[in-house]
Amino acid sequence: MKEKIETQKAPAAIGPYAQGVMVEGFLFASGQLPVNPDTGLLAGATIEEQAEQSMKNVGAVLEAAGMTYENVVKTTCFLSDMGNFAAFNEVYGRYFTGKPARSCVAVREIPKGALCEVEVIAHK
């Protein structure tokens with residue numbers, strides 16, 4: 001059985017999807033943009049500011065599912081510019097200390113003109 005995960009502590013979905021879905025102890029979280037959930041605006045102009053907000057949004061979805069960053073088994077990170085890789089990693093490393101599996105790719109565009117987006121799979 002699948003359970004929809006929702007929280008007001010992360011940005012609302014901007015399309016026909018859920019912030020996350022739980023299935024048999026696994027959380028499949030949608031990509032979290034660096035959008036401040038209180039304002040609906042991108043959090044800053046730098047990769048550091050935006051990565052920080054994306055990580056906080058991931059944390060809010062994890063919390064809504066009764067999990068923490070330590071439950072994350074896989075991340076997929078999207079960057080608008082691979083030149084931001086090192087700065088993004090600096091922020092990422094402060095949150096994902098358990099070192100889950102990861103893919104990180106550069107994409108042509110990210111919704112709302114964001115510099116990054118992060119999605120996770122976690123397990124209870």
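The values are calculated or read from the model by the stated rules, or taken from the named source; none is laboratory data. What you see is a predicted model, and the numbers here were worked out from it, not measured in a lab. As a convention, Cβ positions derive from the backbone with ideal geometry for all residues, glycine included, and neighbour counts pool all protein chains shown. In case anyone asks, the SASA skips ligands and DNA or RNA and just uses the protein heavy atoms, side chains included. Shrake-Rupley method; radii C 1.70, N 1.55, O 1.52, S 1.80 Å.
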ask   = If you scan segment 3-19, which residues turn out to be polar (S, T, N, Q) and either part of a strand (DSSP E or B) or under 13 Å from the mean Cα position of the chain (by Cα) (or both)?
value = Q19
ask   = touching a helix residue (DSSP H, G or I) at 6+ places or on another chain (Cβ under 7 Å) and over 21 Å from G15 (Cβ atoms): does that describe G98?
value = yes
query = Is at least one residue of segment 54-69 open to solvent by 20 Å² or more (accessible area, probe 1.4 Å), more than 11 Å from the chain's Cα centre (by Cα), farther than 26 Å from N84 by Cα and not charged (D, E, K, R)?
reply = yes
inquiry  = For a quick check of your reading: which strands (runs of 3 or more DSSP E) sit entirely within segment 36-124 and have at least 3 residues that are more than 16 Å from F26 (Cβ to Cβ) and not aromatic (F, W, Y)?
reply    = 101-106, 116-123
request  = Output yes when any residue across segment 106-120 is of a type in the set (D, E), free of Cβ contacts under 8 Å to residues at least 60 places away in the same chain and on the phi < 0 side of the Ramachandran plot, and no when none is.
outcome  = yes
task = Search segment 9-20 for residues that are more than 16 Å from E63 (Cβ to Cβ) and of a type outside the set (S, T, Y) and pair each with any residue that is at pLDDT 90 or above and loosely packed, with under 15 Cβ neighbours inside 10 Å when their beta-carbon atoms are under 7 Å apart and the residues are at least 6 apart or on different chains.
result = I14/P111
message = Could you check segment 72-102 and list, in sequence order, the residues that are open to solvent by less than 60 Å² (accessible area, probe 1.4 Å), free of Cβ contacts under 8 Å to residues at least 40 places away in the same chain and not aliphatic (A, V, I, L, M)?
response = S80, N84, N89, G93, F96, G98, P100
